[in-house]
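Here, each number is a calculation from the coordinates, and none is a lab measurement. Quick caveat: nothing in here was measured; it's all calculated off a predicted structure. Methodologically, a virtual Cβ is constructed for each residue, glycine included, from the backbone with ideal geometry; neighbour enumeration extends over all protein chains shown.
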Amino acid sequence: MNRLGLRGRLLVAQIVVLLVCCVTIAAVAVAIAAPLFHNHLAMAGIEDDNVRLHTEEAFSQTIFVALLSGIAVALVGASIAAVYVVRRITAPISRLAVAAQSVAEGKYDVHIEHSDVDSDFTRLEGAFSDMAERLDHSDRVRKRLLADLAHELRTPVSTLAAYVDGLEDGVLEADGTSWAVMRDQLERLRRLAHDLSDVSAADEHALDLILAADDLSDIVCSTTTAVAPRFEERAVTLSTATPAHPVRVRVDRQRIEQILSNLLENALRHTPGGGSVAVAVTESPDHISVAVSDTGEGIPEDQLESVFDRFHRGESSDGSGLGLTIARSLARAHGGSLTARPNPLGGTILELALPGQLASDT
């Protein structure tokens, strides 16, 4: 029985049920028809035993042949119907089993044709398709992340290995320059590990937000004040423009500060000495935005969207390549957006937009 599979078992079960029904119908017909016919002959006044005997034999043979013919026709017709029904029921199950086997083997790019057998089964097919798509997406993200990570780790690890070998062999001196280079590479690895933690949480939609009513202008001013010394060191002018009144929003203050820090760090990295970076908070009926404008070399038109890709770095970039990726993920977690566009004065404008419904008058 185990070799028959689900389709064979259902078919056998259908035939067994049909046979039981046919036998039951035949037994009931024989048990009732003969006595009932005998009573009808008696009521008709037929007293001749030979006539009654031949009549009852003819009736019994007729009933037998009719029942046998009916059962045969019913079995054939019902078998055909059973085969059709069983195949219609089991076909989507077979397809789902094949798809499940593919997923078990690590082949997540499967396509399941939705059937109309049953609403519950249709939901099952839809849920399985969604699961396969999520697994496929996670697998592609994992492979891309590992490839990008391997590429990103290669440079600092190779640099550290070269300096350690050079110090051991006496080729390099253990002076301030060597220690500074190695310390920079270690800091790069530390920053990369921290950024990877955030970007992994973003990929899994597991960014934790602690939302509270706050003043967006105060957040902007606090962030720009914290980074102002670095701008002074690079001789880059940093200016801030905010509304005179508080701009109340319901956000995670630390996460918004993280977004702004990434935007300002990116602007400083790409703005030469003597340039300027401006931060402006504006309000509109449907959203509140913070625009960070720089006068650096700008971003090519064809890279305005790709700058938000993981590990994307321009020619003059020395960061981890994850800052803007994390910033956009945090913006979207707040229900907002982060976009880039050319600055008419030269350079780039990165704009954080938060939906208007986050605003609060409290």
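Applied to the range 124-137, the Karplus parametrisation 6.51 cos²θ - 1.76 cosθ + 1.60 on θ = phi - 60° returns per-residue 3J(HN,Hα) values of 4, 4, x, 5, 5, 4, 4, 4, 4, 5, 5, 5, 5, 5 Hz, with x for Gly and Pro.
Note on the range 120-203: dipole from Cβ charges, positive end direction compared against LEU167, PHE121, SER197; the farthest Cα belongs to PHE121. In terms of packing, defined here as the mean over residues of other Cβ atoms within 10 angstrom, the peptides 250-258, 210-218, 287-295, 20-28 line up highest first as 287-295, 250-258, 210-218, 20-28. The residues ARG123, ARG188, ARG328, when put in order of fewest to most other Cβ atoms within 10 Å, stand as ARG123, ARG188, ARG328.
Using bins of 5 Å that start at zero, the share of Cα-Cα pairs per bin across the range 120-203 amounts to 3, 12, 14, 15, 11, 10, 8, 7, 6, 4, 3, 3, 2, 1, 0, in whole %. Cα centroids of the range 127-178 and the range 250-274: how far apart, whole angstrom? Their Cα centres are 25 Å away from one another.
Of ARG234, ARG144, the sequence from fewest to most neighbouring Cβ atoms within 10 angstrom is ARG144, ARG234.
For the range 131-277, a/c is not less than 1.5, where a ≥ b ≥ c are the root eigenvalues of the C-alpha gyration tensor, and a/b does not top b/c. That puts it in the oblate class.
Could you list TYR84, TYR108 in order of exposure, starting from the residue whose Cβ has the fewest other Cβ atoms within 10 Å?
Fewest-to-most ranking of TYR84, TYR108: TYR84, TYR108.
Under a model in which nothing but the beta-carbon of Lys, Arg (+1) and Asp, Glu (-1) is charged, the range 212-358 shows a dipole of about 300 debye around its Cα centre. Tell me the net charge near LEU216. Cut-off is 13 Å between Cβ atoms, LEU216 excluded, with +1 for each Lys or Arg and -1 for each Asp or Glu. Summing Lys/Arg as +1 and Asp/Glu as -1 gives -2.
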